[in-house]
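Down below is the structure, laid out as structure tokens.
The values are calculated or read from the model by the stated rules, or taken from the named source; none is laboratory data. On a predicted model such as this, the values are computed, not experimentally measured, just so you know. When we count neighbours, we look across all protein chains shown, and the Cβ atoms used for this are built from the backbone with ideal geometry, even at glycine.
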Ligand SMILES: [Zn+2]
């Protein structure tokens with residue numbers, strides 16, 4: 001039997017399949033997890049199983065008309081709702097879910113499905129919902145027509161109204177293991193072994209990110225540049241560090257912020273591993289020489305303290321709009337070589 005499109009997350013796949021098989025569907029599911037961990041892929045696969053005309057034990061057949069429509073992204077009973085910019089164009093980074101779209105969901109939910117038994121809405125990045133959208137959506141959640149299934153995705157359920165979360169079955173996806181990603185990158189996406197090994201180390205369990213990198217060497221070039229920049233920063237003056245913090249705090253750079261902090265964390269964690277003699281466990285396996293040098297240049301205590309600072313400040317930045325001060329602290333506390 002051909003494998004489904006979902007890599008890993010088997011407990012969630014089973015749970016959803018059992019729901020279909022035993023006719024115990026919920027009206028709403030909230031799929032929670034890091035960016036590109038596979039939330040939308042899971043939701044689409046679930047939708048396909050629900051809409052498939054020939055499904056067996058809650059699994060889609062992959063061949064029927066409904067499956068083909070799902071695979072080509074044109075099933076009329078599957079409605080994808082990403083956040084959008086003001087003109088209505090999808091914008092996953094800066095867009096929002098707005099009141100008009102919620103009104104549309106409410107209206108469409110009342111209509112009967114066109115092809116199958118269900119009408120499925122996938123509301124991506126529900127944490128990017130304007131409060132008026134969230135309130136309107138609650139109406140649908142309170143009195144859902146029996147044919148409606150809502151799938152919401154979000155990175156962090158705490159950013160959603162608790163009244164929405166409490167009406168959903170929450171599926172919290174964990175980062176994927178390296179092995180599972182490496183195998184999938186080679187077998188399904190044809191990545192050469194070395195690239196598959198490096199990407200699965202760097203992906204922090206988020207397969208979607210790794211898949212995106214396969215055909216684009218540029219982000220990895222950008223990664224090398226960002227890491228070179230990081231090493232320069234660790235040697236620069238307070239003034240230069242504060243100037244960098246200010247640059248990072250501008251609105252234009254907000255979407256780059258968390259990937260950058262993730263990269264910094266992976267780097268300093270690797271330095272710590274190198275200092276503990278665990279070079280083989282490092283994520284940045286293509287930079288082992290530089291890591292070995294950095295291990296000698298910085299005090300282990302400074303590196304460990306900075307890793308705690310990074311984690312604390314990242315958590316803070318996720319819940320604040322005033323990033324300036326936090327970024328100043330983040331830059332000023334970065335360790336310096338002690339030689
Ligand atoms: Zn099918």
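For the range 69-82, the tally of residues that are out of contact with any helix residue (DSSP H, G or I) (no Cβ under 6 Å at 6 or more places or on another chain) and under 22 Å from residue 14 (Cα atoms) stands at 1.
Considering the conditions (1) part of a helix (DSSP H, G or I); (2) exposed (fewer than 13 other Cβ atoms within 10 Å of the Cβ), residue 287 is excluded by exactly one of them, (2).
Could we say that residue 73 is within 16 Å of the ligand (Cβ to nearest atom), without any contact (Cβ under 8 Å) to a residue 24 or more places away in the chain and either outside the structural domain of residue 202 (by TED's automatic domain parsing) or assigned to a loop (DSSP other than H, G, I, E, B) (or both) here? I'd like the intermediate steps shown before the answer.
Working: within 16 Å of the ligand (Cβ to nearest atom): yes; without any contact (Cβ under 8 Å) to a residue 24 or more places away in the chain: yes; either outside the structural domain of residue 202 (by TED's automatic domain parsing) or assigned to a loop (DSSP other than H, G, I, E, B) (or both): yes.
For residue 73, the condition - within 16 Å of the ligand (Cβ to nearest atom), without any contact (Cβ under 8 Å) to a residue 24 or more places away in the chain and either outside the structural domain of residue 202 (by TED's automatic domain parsing) or assigned to a loop (DSSP other than H, G, I, E, B) (or both) - is met.
Of the residues in the range 82-96, not one is crowded, with 16+ Cβ neighbours inside 10 Å, within 20 Å of the chain's Cα centre (by Cα) and modelled with pLDDT of 95 or more. Cβ-Cβ contacts under 6 Å between residues 6 or more apart (or on different chains), taken from a first residue in the range 313-326 that is in contact (Cβ under 8 Å) with a residue 60 or more places away in the chain and at negative phi to a second residue that is surrounded by 13 or more Cβ atoms within 10 Å (Cβ to Cβ) and in a loop (DSSP other than H, G, I, E, B), are listed as 317/323. Let me confirm something: among 222, 232, which residue is under 20 Å from the mean Cα position of the chain (by Cα) and surrounded by fewer than 18 Cβ atoms within 10 Å (Cβ to Cβ)? The match here is 222. Within the range 119-133, does at least one residue satisfy the condition of being within 16 Å of the ligand (Cβ to nearest atom), outside any helix (DSSP H, G or I) and in contact with a strand residue (DSSP E or B) (Cβ under 8 Å, 6 or more places away or on another chain)? Yes, there is a match, as at least one residue in the range 119-133 is within 16 Å of the ligand (Cβ to nearest atom), outside any helix (DSSP H, G or I) and in contact with a strand residue (DSSP E or B) (Cβ under 8 Å, 6 or more places away or on another chain). Out of all the residues in the range 99-116, is one or more in contact (Cβ under 8 Å) with a residue 40 or more places away in the chain, over 29 Å from residue 205 (Cβ atoms) and within 16 Å of the ligand (Cβ to nearest atom)? Checked the range 99-116: at least one residue is in contact (Cβ under 8 Å) with a residue 40 or more places away in the chain, over 29 Å from residue 205 (Cβ atoms) and within 16 Å of the ligand (Cβ to nearest atom). Taken together, the criteria exclude residue 85 from residues that are within 16 Å of the ligand (Cβ to nearest atom) and farther than 18 Å from residue 28 by Cβ.
Within the range 15-65, which residues are assigned to a helix (DSSP H, G or I), surrounded by 23 or more Cβ atoms within 10 Å (Cβ to Cβ) and near the ligand (Cβ under 9 Å from one of its atoms)?
Of the residues in the range 15-65, the ones assigned to a helix (DSSP H, G or I) are 15-21, 39-51, 65.
Retained after the next criterion (residues that are surrounded by 23 or more Cβ atoms within 10 Å (Cβ to Cβ)): 16, 39, 42-43, 46-51.
Scanning the range 15-65 gives 48, 49, 51.
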